[in-house]
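What follows is a short report on a single structure.
The values are calculated or read from the model by the stated rules, or taken from the named source; none is laboratory data. Keep in mind that what you see is a predicted model, and the values were worked out from it rather than measured. Virtual Cβ from ideal backbone geometry, glycine too; neighbours counted across all protein chains shown. With ligands, DNA and RNA removed, areas are computed over all heavy atoms of the protein, side chains included. Shrake-Rupley method; radii C 1.70, N 1.55, O 1.52, S 1.80 Å.
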Amino acid sequence: MKRLIAMSVMAVALCACSTAKKVSADYENVIPLPQEITVVHEPPFIIKKNTRILYPEGDALLKKNAEFLAGYIKESTGKQLSVEVAEEGNDGNAILLETDTAVGHPEGYELTVAQGKVRVKGRTPNGIFYGLQTLRKSIPAIATGADVILPAISIKDAPRFGYRGMMLDVGRHFFSVEFVKRYIDLLALHNMNYFHWHLTEDQGWRIEIKKYPKLTEIGSIRKETGIGRSRTEFDGKPYGGFYTQDEIRDIVKYAQERFVTVIPEIDLPGHMLAALAAYPELTCPIVKSYIGVIPGLGGGNSGVIYCAGKDSAFTFLQNVLDEVMALFPSRYIHLGGDEAQKGYWEKCPLCQARMKNEHLDNEEDLQGYFMKRMSDYVCSKGRKVIGWDELTNSSFLPEGVIIQGWRGLGTAALKAAEQGHPFIMTPARIMYLIRYQGPQWFEPQTYFGNNTLKDIYDYEPVQADWKPEYASLLMGVQASMWTEFCNKPEDVDYLVFPRLAALAEIAWTQPEK
Ligand code: ACM
Ligand code: ZN
């Protein structure tokens, strides 16, 4: 196929009268690779400075899409194409964006290139957006001043998975609004549709909550940060940062325009030291050390946790979640649930009384009670809850909860699937981008172990020994970017790329391709 494209490009190059520099699109090297690319043996379309981008009258979302495309072409070629309403007779030398219910998949699109006309059709503006990403990625990134030859083609495309996620931990290190927006741009470029934003951690609370100002006044600042791999030495420098509610609204809107849903994570009942430093009355009364201390990324986990025996802890979290849900329209809210140590619960009289009153056999079921109570609250507001796969340690799961599998290749998550729960896979061994991506003695210091670009490409989320019903409950895949070892944007960029490109192909493209 490549040869045919090259031949049609040559034919154009020979007969073109214009002296403008020309570059050709390459559909075969788009990531993620579209499902179906059919070469059409006809003359190409040429993007010139008088090419127009047309959208249907009154369609604000397609107008926005058209403006995105104009921006992408400007970024590559420097040419500012005009964006106009499609009208009878103005569709020559134009790129048309059209809604078409005949396109099967809600996120699918069809891109057809013919002489004089490019059509990008989708059932929804989301689908059309992905068509524009494919068009954009087929054009050389840098083609300053060039006319762009688009060989005649027909592309039909739709994602393999409905959930294509990427996480960013801003608890260990804080990243600016500008950086987060750029991260979202890069997700959109790769057809990723969920940004899982890990907003709270032992080492920092990063979201303004108006009812509890100390969460950010105290909880967003730690007195120092551990250095080196062992983290036994500290830099002695206060470190902090948080997002105001206005900034969060701005980021959520920015993501929405790019068809990325932002899923906030408020991690509970563990990983909460920053919140408990601000409101120590919410932990078990027997906790004496660590109160008021936000760890500086030192090794270990203090085990300090919300007291499951105190109703005030639940009221506090419900109030926090009220503000979170007002900021994030996502139908999914992530409640964490990972790595909650139970040492204090075992000794706390209030937690033990709760277990007795609720007829709970052990502390794992006390966590089950905790998660269920919070999950029921979130569900009562019309949302769905996602939780890490430790939720399956309890003998019962909150109703409807979606499990995020990070341990093993699905073992824990499948316990939930067995009970009919949907799940998402982000296996740490493969999808945690904190691991080394090359020989460790050449790489900047990060976490233990390797997962290379090839490991991600080789990952097939649906394991051969799964029952068919597990595959139908798998919503999709995610990569997770924890930031213990990343304190500046370049560190995150280095670890995320190029592995995000491999993730995008796992998430979007059918495995046989
Ligand atoms: C996790 O890695 N603790 C979810
Ligand atoms: Zn307690």
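Inside the stretch 176-225, can you point out the residues that are aromatic (Phe, Trp, Tyr) and over 21 Å from Leu335 (Cα atoms)?
Within the stretch 176-225, Phe179, Tyr183 qualify.
Rundown of residues vs (1) over 29 Å from His173 (Cα atoms); (2) part of a loop (DSSP other than H, G, I, E, B), yes/no style:
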| site | (1), (2) |
| --- | --- |
| Gly420 | yes, yes |
| Gly438 | no, yes |
| Tyr447 | no, yes |
| Ser472 | yes, no |
Would you say Gly162 is surrounded by fewer than 19 Cβ atoms within 10 Å (Cβ to Cβ), at pLDDT 95 or above and within 18 Å of Glu505 (Cβ to Cβ)?
yes
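Okay, residues lined up against (1) away from ligand 2 (no atom under 16 Å from the Cβ); (2) charged (D, E, K, R); (3) under 16 Å from Tyr163 (Cα atoms):
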{"residue": "Lys454", "(1), (2), (3)": "yes, yes, no"}
{"residue": "Ala464", "(1), (2), (3)": "yes, no, no"}
{"residue": "Glu469", "(1), (2), (3)": "yes, yes, no"}
{"residue": "Leu474", "(1), (2), (3)": "yes, no, yes"}
{"residue": "Phe485", "(1), (2), (3)": "yes, no, no"}
{"residue": "Asp493", "(1), (2), (3)": "yes, yes, no"}
{"residue": "Arg499", "(1), (2), (3)": "yes, yes, no"}
{"residue": "Ala504", "(1), (2), (3)": "yes, no, yes"}
{"residue": "Lys513", "(1), (2), (3)": "yes, yes, no"}
Please list, ordered by first then second residue, the pairs with beta carbon atoms under 8 Å, 6 or more apart or interchain, first in the stretch 215-238 and in contact (Cβ under 8 Å) with a residue 24 or more places away in the chain, second among the charged types (D, E, K, R) and open to solvent by 90 Å² or more (accessible area, probe 1.4 Å).
Glu224/Lys237; Thr225/Lys237; Gly226/Glu233
Kindly check whether there is at least one residue in the stretch 318-335 that is away from ligand 1 (no atom under 16 Å from the Cβ), free of Cβ contacts under 8 Å to residues at least 60 places away in the same chain and farther than 27 Å from Tyr254 by Cβ.
yes
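Evaluate the stretch 198-207: report whether one residue or more is under 24 Å from Ala502 (Cβ atoms) and at pLDDT 95 or above.
Yes, that holds for at least one residue.
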State which residue is most open to solvent (accessible area, probe 1.4 Å) when the search covers only the stretch 35-62 and only residues that are in a loop (DSSP other than H, G, I, E, B) and closer than 26 Å to Thr144 by Cα.
Lys49
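In the set Ile424, Ile456, which member is touching a residue at least 24 places away in the same chain (Cβ under 8 Å) and not in a strand (DSSP E or B)? Explain how you work it out, then say what you get.
On the way: Ile424 fails: not in a strand (DSSP E or B).
Only one candidate passes the filter, namely Ile456.
Which strands (runs of 3 or more DSSP E) does the stretch 100-211 wholly contain that include 2 or more residues that are under 26 Å from Pro269 (Cα atoms) and without any contact (Cβ under 8 Å) to a residue 24 or more places away in the chain? Before the answer, list the steps.
Numbers: elements: 109-114, 117-122, 147-150, 153-157, 163-169, 194-198.
Correct list: empty, since no element meets the threshold.
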Quick count over the stretch 306-343, residues being within 16 Å of ligand 2 (Cβ to nearest atom), within 23 Å of Ser394 (Cα to Cα) and open to solvent by less than 50 Å² (accessible area, probe 1.4 Å), is 11
Taking the stretch 236-288 as the search range and keeping residues that are assigned to a strand (DSSP E or B), surrounded by fewer than 22 Cβ atoms within 10 Å (Cβ to Cβ) and of a type in the set (Ser, Thr, Tyr), which one is farthest from the chain's Cα centre (by Cα)?
Tyr239
Output the number of the condition that Asp311 fails; it satisfies all remaining conditions of (1) more than 16 Å from ligand 1 (Cβ to nearest atom); (2) touching a residue at least 40 places away in the same chain (Cβ under 8 Å); (3) more than 20 Å from Ile403 (Cα to Cα).
(2)
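If you check Thr200, Thr225, Thr232, Thr216, which single one turns out to be open to solvent by 80 Å² or more (accessible area, probe 1.4 Å) and polar (S, T, N, Q)? Lay out the reasoning, then the answer.
Details: Thr200 fails: open to solvent by 80 Å² or more (accessible area, probe 1.4 Å); Thr225 fails: open to solvent by 80 Å² or more (accessible area, probe 1.4 Å); Thr216 fails: open to solvent by 80 Å² or more (accessible area, probe 1.4 Å).
Selected residue: Thr232, the only one of Thr200, Thr225, Thr232, Thr216 that is open to solvent by 80 Å² or more (accessible area, probe 1.4 Å) and polar (S, T, N, Q).
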Is it fair to say Asp376 is free of Cβ contacts under 8 Å to residues at least 40 places away in the same chain, over 20 Å from Asp458 (Cα atoms), within 16 Å of ligand 2 (Cβ to nearest atom) and charged (D, E, K, R)?
no
Quickly run through the stretch 472-487 and pick out the residues that are modelled with pLDDT of 95 or more and more than 19 Å from Met192 (Cβ to Cβ).
Ser472, Leu473
Within the stretch 494-513, residues being closer than 26 Å to His271 by Cβ and open to solvent by 40 Å² or more (accessible area, probe 1.4 Å) number 1
Any idea which of (1) open to solvent by 40 Å² or more (accessible area, probe 1.4 Å); (2) within 16 Å of ligand 1 (Cβ to nearest atom); (3) in contact (Cβ under 8 Å) with a residue 40 or more places away in the chain is the one Glu484 doesn't satisfy?
(1)
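Just to verify a result, which residue in the stretch 394-418, among those that are open to solvent by less than 50 Å² (accessible area, probe 1.4 Å), of a type outside the set (Gly, Ala, Ser) and not in a helix (DSSP H, G or I), is nearest to ligand 2 (Cβ to nearest atom)?
Here is the first cut: in the stretch 394-418, the residues open to solvent by less than 50 Å² (accessible area, probe 1.4 Å) are 394, 397-398, 400-406, 408, 410, 412-414, 416-417.
Narrowing further to those that are of a type outside the set (Gly, Ala, Ser): 397-398, 401-404, 406, 414.
This time we only want the ones that are not in a helix (DSSP H, G or I), so: 397-398, 401-404, 406.
Numbers: Leu397: 22, Pro398: 20, Val401: 23, Ile402: 28, Ile403: 26, Gln404: 26, Trp406: 26 Å.
Filtering the stretch 394-418 for residues that are open to solvent by less than 50 Å² (accessible area, probe 1.4 Å), of a type outside the set (Gly, Ala, Ser) and not in a helix (DSSP H, G or I), the one nearest to ligand 2 (Cβ to nearest atom) comes out as Pro398.
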Among the numbered conditions (1) assigned to a loop (DSSP other than H, G, I, E, B); (2) out of contact with any Leu (no Cβ under 7 Å at 6 or more places or on another chain), tell me where Ala308 comes up short.
(2)
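For the stretch 357-393, what are the residues that are in a loop (DSSP other than H, G, I, E, B) and either under 17 Å from Leu317 (Cβ atoms) or touching a helix residue (DSSP H, G or I) at 6+ places or on another chain (Cβ under 7 Å) (or both)?
From the stretch 357-393, those in a loop (DSSP other than H, G, I, E, B) are 358-362, 381-383; that's our starting set.
If the condition is that a residue be in a loop (DSSP other than H, G, I, E, B) and either under 17 Å from Leu317 (Cβ atoms) or touching a helix residue (DSSP H, G or I) at 6+ places or on another chain (Cβ under 7 Å) (or both), then Glu358, Leu360, Lys381, Arg383 are the ones that fit.
For the stretch 363-393, name all the residues that are basic (Lys, Arg) and either closer than 19 Å to Ala417 by Cα or under 22 Å from the mean Cα position of the chain (by Cα) (or both). Before you say what the answer is, go through the steps one by one.
Within the stretch 363-393, the first condition is being basic (Lys, Arg), and the residues that meet it are 372-373, 381, 383-384.
Within the stretch 363-393, Lys372, Arg383, Lys384 qualify.
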